[in-house]
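Below: one structure, written as structure tokens.
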Amino acid sequence: MNELIARFDALDSYRWGHLTQIGLRIVVILLLAWILATLLRRAIRLLRRRIESRIDDREALQRADTLSRVFRYVVTVAISLIAGMMVLSELGVSLAPILGAAGIAGVAIGFGAQSLVKDFFSGFFILFEDQIRTGDVVRIASHSGLVEEITLRYTRLRDYDGNVHYVPNGMIDSVVNMSRGFAQAVMDIGVAYRENTDEVYAVMRETARRMRADELYAPRILDDLEIAGVDKWDNSAVVIRCRFKTVALEQWSVRREYLRRLKMAFDEAGIEIPFPHLTIYAGQDKAGSAPAFNLRSIEAGG
């Protein structure tokens with residue numbers, strides 16, 4: 001009897017010892033996975049900072065920042081999957097059936113989650129082809145805003161009102177990027193029909209010259225004002241189209257400041273900025289003659 005009890009005690013001790021070893025190995029696996037993920041993410045950050053220290057191009061810096069975010073995400077996911085498989089192996093779970101089931105489930109999920117797969121493929125090519133970077137201002141899938149984050153699955157935008165838009169990459173069929181290289185601040189200037197357009201051109205060019213001489217706006221403007229000419233005859237104005245070549249993302253500030261200065265310049269020069277108005281003709285013929293047109297007030301039904 002004592003021998004049987006001793007055997008049970010020995011078996012129980014063995015089981016506890018075996019479970020303790022398994023637990024310790026699992027802790028070691030998780031700890032090593034955490035350390036490895038931390039070291040790799042830190043190495044990616046250090047590599048990004050080293051690249052940034054050697055590059056002066058803003059666009060290249062944006063791309064380095066975007067790719068570093070994606071690499072950190074991929075490293076975290078990969079290490080987590082490997083660590084999870086090793087933990088399951090320590091628990092005695094056979095990985096072969098799981099991998100086989102995962103293959104079958106993957107096919108089924110592929111049919112049921114085609115949009116998710118499309119998001120990942122689209123995100124990969126968007127990053128690979130360098131279409132969008134963190135910090136760009138873009139218009140995608142009917143949304144416009146500043147790109148705050150790009151992953152393989154979605155792109156996060158923040159618009160001018162502060163609203164955040166999460167756009168699945170699979171929905172992006174075209175990208176309008178307003179942050180690459182340079183931009184054009186396009187303006188349509190309306191003046192009255194009676195104004196001499198050559199005089200208007202002179203005032204516009206002088207205002208542009210003074211603005212380019214301003215220390216605040218000189219670095220933002222890359223070239224002289226380009227006047228395309230009279231673009232159309234509107235109902236109440238002659239519309240003159242012009243544009244500034246500016247640094248990317250500065251087109252809006254340059255446009256607003258130029259319109260402000262041009263308003264004051266037009267006021268000083270006596271150039272009329274038209275407003276919608278209506279001219280009434282009462283039976284006037286081509287010779288210019290017309291009967292008198294009198295208006296009398298109507299009082300109490302009189």
Residue count, the stretch 252-277 (criterion: in a helix (DSSP H, G or I) and either hydrophobic (A, V, I, L, M, F, W, C) or under 35 Å from the mean Cα position of the chain (by Cα) (or both)): 16
Set Ala78, Ala37, Ala64: member being in a helix (DSSP H, G or I), at pLDDT 75 or above, under 27 Å from Phe121 (Cβ atoms) and touching a helix residue (DSSP H, G or I) at 6+ places or on another chain (Cβ under 8 Å): Ala37
Top-ranked residue in the stretch 127-178 [being hydroxyl-bearing (Ser, Thr, Tyr) and at pLDDT below 85; ranked as farthest from Gln251 (Cα to Cα)]: Thr151
Hits in the stretch 188-211 (condition: closer than 15 Å to Cys242 by Cβ, touching a strand residue (DSSP E or B) at 6+ places or on another chain (Cβ under 7 Å) and surrounded by fewer than 18 Cβ atoms within 10 Å (Cβ to Cβ)): Asp188, Gly190, Thr197, Tyr201
The stretch 129-150, residues that are in a loop (DSSP other than H, G, I, E, B) and surrounded by fewer than 16 Cβ atoms within 10 Å (Cβ to Cβ): Glu129, Asp130, Ser142
Answer residue from the stretch 217-252, given it is of a type outside the set (A, V, I, L, M) and in contact with a helix residue (DSSP H, G or I) (Cβ under 7 Å, 6 or more places away or on another chain) and is surrounded by the fewest Cβ atoms within 10 Å (Cβ to Cβ) among those: Asp224
Test for Leu24: is it within 23 Å of Leu152 (Cα to Cα), at pLDDT 75 or above and loosely packed, with under 12 Cβ neighbours inside 10 Å: no
Residue within the stretch 201-219 that is part of a loop (DSSP other than H, G, I, E, B) and among the small types (Gly, Ala, Ser) present: no
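The values are calculated or read from the model by the stated rules, or taken from the named source; none is laboratory data. Here the structure is a predicted model, which is why all the values come from computation and not from measurement. Methodologically, a virtual Cβ is constructed for each residue, glycine included, from the backbone with ideal geometry; neighbour enumeration extends over all protein chains shown.
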